[in-house]
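Have a look at the structure below, then the notes.
The values are calculated or read from the model by the stated rules, or taken from the named source; none is laboratory data. Note that the structure is a prediction, hence the values are computed from the model and not measured. Neighbour counts run over all protein chains shown; Cβ positions are idealised from the backbone, glycine included.
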Amino acid sequence: MRRFLFALSLGLFAMPAAMAADPPPLAQYHARDGRADAWQGGVRMIPIKTPVGEFKVWTKRVGNNPRIKVLLLHGGPGATHEAFEAFDSFLPADGVEYYYYDQLGSYYSDQPDDPKLLTTDRFVEEVEQVRIALGLDKDNFYLLGHSWGGILAMEYALKHQDHLKGLVISNMVSSIPAYNKYASDVLMPELDPAALAELKQLDAARDYANPRFEELLIPHYEHHVLRRPISEWPEPVVRSFMKHLNKKVYVPMQGPSELGASGILADWDRTEDLSKITVPTLVIGARYDTMDPKYMEMMSEKLPKGDYLYLPNGSHCAFYDDQDAYFAGLLKFLHRVDDDAK
């Protein structure tokens, strides 16, 4: 079959990630490679031009691989790269070079308070400026977007895929109306009826600062965002989504919660444009995701070079709660695309 479905029954996930391919020698992986970022431990503040002025965004390089360089687009919007720190436990052992990156408005980057900056087109141009500054191109450049980052990754590919070697859409559907329908038809009915009624009252009053609003959503977050009690959530996730989330970005674009979207992105839909993305693309979906896993599988079938990774134990943050399966599938995809390009 032209397309493949990664599954536990293949036995792939029992293998250590590093066995998927021979990594570069350790000295090569940690080589500075003539780059000036050694002084900053791989960190660079990259100047970004916008319609309202010039700002800086934070990036950090890990590793050195001339053929596989992954730029990570975090979720939110308005969260941070920090939730991706679990990648440190898997990608270095496999020799993959990757870049953390806080988008404009996020904690480690500049945080201008201007609604004119909150458009997908402007974020796409920001990613393109970051790509140029980092020297990434079609011979090595993989873009991985999670959640809102998946929206941004799709938009980037539709405009700049000539610079891409591969694309990963992690835990994101290509239609916000479809996301909202799934939330309404499947996720909301799972909530206690009294809790759902109170949530709707708070929403109607726009009383999002009320502590009850977040309290009532905890069962949803623990079942569909990251499948652990919130008291046990990994510290990088707590930093990214709780301590460092910029709600001046998140709320206008997404809305007040992860239970559907009601902000600027509410009408966003690129499903009919997926056939225009011709680079190898991996779509990652999970059984307990906030997004419909069958919809994400359908997306992979619309993509000319699409594959689907289904995670039977995962939720929206499947790189934590179905971790071994997530990274085994991701690394297999990265190396397969690289092998096909040789």
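Taking Ser240, is it over 19 Å from Glu82 (Cα atoms) and out of contact with any Lys or Arg (no Cβ under 9 Å at 6 or more places or on another chain)?
No: the conditions fail for Ser240.
Scanning region 53-87 for residues that are surrounded by fewer than 19 Cβ atoms within 10 Å (Cβ to Cβ) and part of a helix (DSSP H, G or I) gives Glu85, Ala86. A residue that is out of contact with any helix residue (DSSP H, G or I) (no Cβ under 8 Å at 6 or more places or on another chain), farther than 25 Å from Lys247 by Cβ and crowded, with 21+ Cβ neighbours inside 10 Å occurs nowhere in region 161-180. Contact map, region 86-110: residues that are under 16 Å from Phe123 (Cβ atoms) and touching a residue at least 24 places away in the same chain (Cβ under 8 Å) paired with residues that are of a type in the set (D, E, K, R) and in a loop (DSSP other than H, G, I, E, B), Cβ distance under 8 Å, separation 6+ or inter-chain. Pairs shown: Leu104/Asp110. Is it the case that Val279 is aliphatic (A, V, I, L, M) and not in a helix (DSSP H, G or I)? In short, yes. For region 251-291, filtered to residues that are more than 30 Å from Asp324 (Cβ to Cβ) and of a type in the set (Ser, Thr, Tyr), the residue that is modelled with the lowest pLDDT is Ser262. Counting the residues of region 129-152 that are in a strand (DSSP E or B) and more than 23 Å from Leu331 (Cβ to Cβ) gives 0. Scanning region 154-177 turns up no residue that is under 30 Å from Val124 (Cα atoms) and without any contact (Cβ under 8 Å) to a residue 24 or more places away in the chain.
For beta carbons closer than 7 Å, sequence separation of 6+ or different chains, a first residue in region 35-49 that is on the phi > 0 side of the Ramachandran plot and modelled with pLDDT of 85 or more and a second that is part of a strand (DSSP E or B) and among the aliphatic types (A, V, I, L, M), the qualifying pairs are Gly42/Val62.
Filtering region 111-122 to residues that are touching a residue at least 40 places away in the same chain (Cβ under 8 Å) and part of a helix (DSSP H, G or I) leaves Pro115, Lys116, Leu117, Thr120, Arg122. Of the set (1) within 24 Å of Phe241 (Cβ to Cβ); (2) touching a strand residue (DSSP E or B) at 6+ places or on another chain (Cβ under 7 Å), all apply to Ser89 but (2). The numbered conditions (1) surrounded by 23 or more Cβ atoms within 10 Å (Cβ to Cβ); (2) in a helix (DSSP H, G or I); (3) of a type in the set (S, T, N, Q) are all true for Thr290 except (2).
Within region 217-240, can one find any residue that is over 26 Å from Asn313 (Cβ atoms) and either free of Cβ contacts under 8 Å to residues at least 40 places away in the same chain or more than 20 Å from the chain's Cα centre (by Cα) (or both)? No, there is no match, as no residue in region 217-240 is over 26 Å from Asn313 (Cβ atoms) and either free of Cβ contacts under 8 Å to residues at least 40 places away in the same chain or more than 20 Å from the chain's Cα centre (by Cα) (or both).
Could you look through region 293-327, keep only residues that are hydrophobic (A, V, I, L, M, F, W, C) and outside any helix (DSSP H, G or I), and pick out the one that is surrounded by the fewest Cβ atoms within 10 Å (Cβ to Cβ)? Only one residue tops the list, namely Leu303.
Okay, residues lined up against (1) under 28 Å from Val173 (Cβ atoms); (2) in contact with a Lys or Arg (Cβ under 8 Å, 6 or more places away or on another chain); (3) of a type in the set (A, V, I, L, M):
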site	(1), (2), (3)
Lys60	no, yes, no
Leu71	yes, yes, yes
His74	yes, no, no
Ala79	yes, no, yes
Phe87	yes, no, no
Ala93	no, no, yes
Gly105	yes, yes, no
Pro115	yes, no, no
Val127	yes, no, yes
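Can you name every residue in region 240-276 that is basic (Lys, Arg) and surrounded by fewer than 18 Cβ atoms within 10 Å (Cβ to Cβ)?
Matches in region 240-276: Lys243, Lys247, Lys248, Lys276.
Scanning region 88-102 for residues that are assigned to a helix (DSSP H, G or I) and either surrounded by 21 or more Cβ atoms within 10 Å (Cβ to Cβ) or acidic (Asp, Glu) (or both) yields Asp88, Asp94.
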